[in-house]
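One structure is given below, encoded as structure tokens.
The values are calculated or read from the model by the stated rules, or taken from the named source; none is laboratory data. These figures come from a predicted structure and were not determined experimentally. Here Cβ is always computed from backbone atoms with ideal geometry, including for glycine, and neighbour counts include all displayed protein chains.
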Amino acid sequence: MSSSVVKAAARIFGNVIGNGLQSGRKVLSQKVTGQKIVEWYPTPVQKLDPCFEDPGEKRRVLKLERLKRRGKGPPKKGHGKRRAPKFSIMLSGGAGVTSY
């Protein structure tokens, strides 16, 4: 078929004449769904009423305070499981290091 017939057929049937390379045509031709997804979920009560206190958050904070009193809370930054061992700092000559 000649190129003019192919162009006319593409215009009539709504096809796109490609050059064989990948393009975002499929994605761009799909319906936009972002706004529908946002409308599906209800808005959080915290955004509607600033005086609202989430009981789950309150329970989490109380539990964290209890654990900290017992010494079972999360470690301070740099003092956890993956920190550098003390002896490696001493071997490297870190005499001026006072992070501990």
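At a glance:
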{"read-out": "Selection count where residues are modelled with pLDDT of 80 or more, surrounded by 10 or more Cβ atoms within 10 Å (Cβ to Cβ) and of a type in the set (Lys, Arg), scope region 71-100", "value": "0"}
{"read-out": "Positions within region 21-41 being under 22 Å from the mean Cα position of the chain (by Cα) and of a type in the set (Lys, Arg), in sequence order", "value": "Lys36"}
{"read-out": "Residues of region 1-46 that turn out to be β-branched (Val, Ile, Thr) and in contact with a helix residue (DSSP H, G or I) (Cβ under 8 Å, 6 or more places away or on another chain), as a count", "value": "2"}
{"read-out": "Options Glu57, Glu53; residue that is acidic (Asp, Glu) and over 24 Å from the mean Cα position of the chain (by Cα)", "value": "Glu53"}
